[in-house]
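Asker: Could you have a look at this structure, given as structure tokens, before my questions?
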Amino acid sequence: QISLNLTSLLFAAMLLESKANDKHLAIHALERIVFSDQNLLTHDDPHTSSVLYRLSRLYTAFAREHDVAYIRELAYTKGIWLHPFQQPGYVVPALRKLHVSTIKPWISTSSNDTSCTNEFDQVWQPLLRLKSRLENELFSIARQEWQHISAQQAFSPDDEGIAIDPEAWHQFIFRRNGKWLPELNNTFPRTVALLHDILDNSPEEYALHLPKGSAQISILRPGATLVPHCGPSNHRIRFHLTLESDGSASITVGDPSDPNNTHYHQPGVVFIFDDSFLHSAQIPFEASYPRVVILIDVWHPALSRADRDSVRKHFLYDPNDTFGWRTTHSPFGPTTLGLAIPH
């Protein structure tokens, strides 16, 4: 009965936020769960993490930073989240067994990362091999196709509510929720073909049937800021391959007070990070041109094939459903970036 009440209130909050667009009532529903009896909040119930994740996101939307910090400390103290700055909506049970040194925001931040630092970090070695392929094979192809694109192409503005100016962040989406979007991929045919081969057809099956998995071009205009936010689950790892940047655009992952957690984009360099950690991005008004990256999600390499199947089951993932994601994302339409594209 307790689990049913938690699930019912969580579902009510999701409907209030997404369908009725009433964030205040959604907060009230989630607070009833969190503050009624905190002994009910355990990592044994997979819905608990989702409750705290959604409440934290709603607090963030209203700039209630003190409340966000409280939720983060509560979840970490009770063992629901595995790191003070990692706050996913779903924590994969298999990943709770990882050594604490392996749970970190950044996996790779430079072009010369070729090895892992300790025995526990060996889990990341497959991703460093993928990083090498992206830098050596994908970069030149994707950059060439990007430089021939028109600023009038069909880009999608921010629909996630994390850009201070939604028109300052645009995306061109190749893949959403683990599914390729053929009607949008003709603009970057060689890029998509190589990505498809690397992500789905390699022996590692880096991103095959990956729930919540995306592949897209992400453009931040000068002056843009993405507020701190977290991905929905820790089953995926995110890559950023920078196509264009004058070196002034930055991304921070993890504790923002630690300067080692902020890195600056350079063309041709891949960043690898766990986006279930708090992260943000910005580019100064004085930047010469936009920050352009290819964003790629892959499976966490510590997950076995059986673990991957469990994640798919949790998210009710159907590889044959090519419509479901469209019910929760804004339709695409032509938009003008209004920027000179560097050549």
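Asker: Using packing as a proxy for protection, rank 38-45, 288-295, 216-223 so that the peptide with the highest average count of other Cβ atoms within 10 Å comes first.
Answerer: 288-295, 216-223, 38-45
Asker: Pop a pseudo-label 7 angstrom from the Cα along the beta-carbon direction at both residue 28 and residue 205 and give the gap in nm to one decimal.
Answerer: Simple spin-label model gives 4.7 nm for this pair.
Asker: Let me ask something else. Quick one: accessible surface of residue 73, probe radius 1.4 Å, all protein chains present, in square angstrom to the nearest 10.
Answerer: Counting only protein heavy atoms, the figure is 120 Å².
Asker: Please arrange 300, 83, 28 by accessible surface area, largest first, computed with a 1.4 Å probe and ligands excluded.
Answerer: Largest to smallest exposure gives the sequence 28, 83, 300.
Asker: Order the following by accessible area, largest value first: 53, 264. Probe radius 1.4 Å; ligands, DNA and RNA are ignored.
Answerer: 264, 53
The values are calculated or read from the model by the stated rules, or taken from the named source; none is laboratory data. The model shown is predicted, which means the values in this text are computed figures rather than measured ones. Ideal geometry is used to build each Cβ from the backbone, glycine not excepted, and the neighbour counts take in all protein chains shown. Just so you know, the surface numbers come from the protein's heavy atoms only, side chains and all, with ligands and any DNA or RNA stripped out. Shrake-Rupley method; radii C 1.70, N 1.55, O 1.52, S 1.80 Å.
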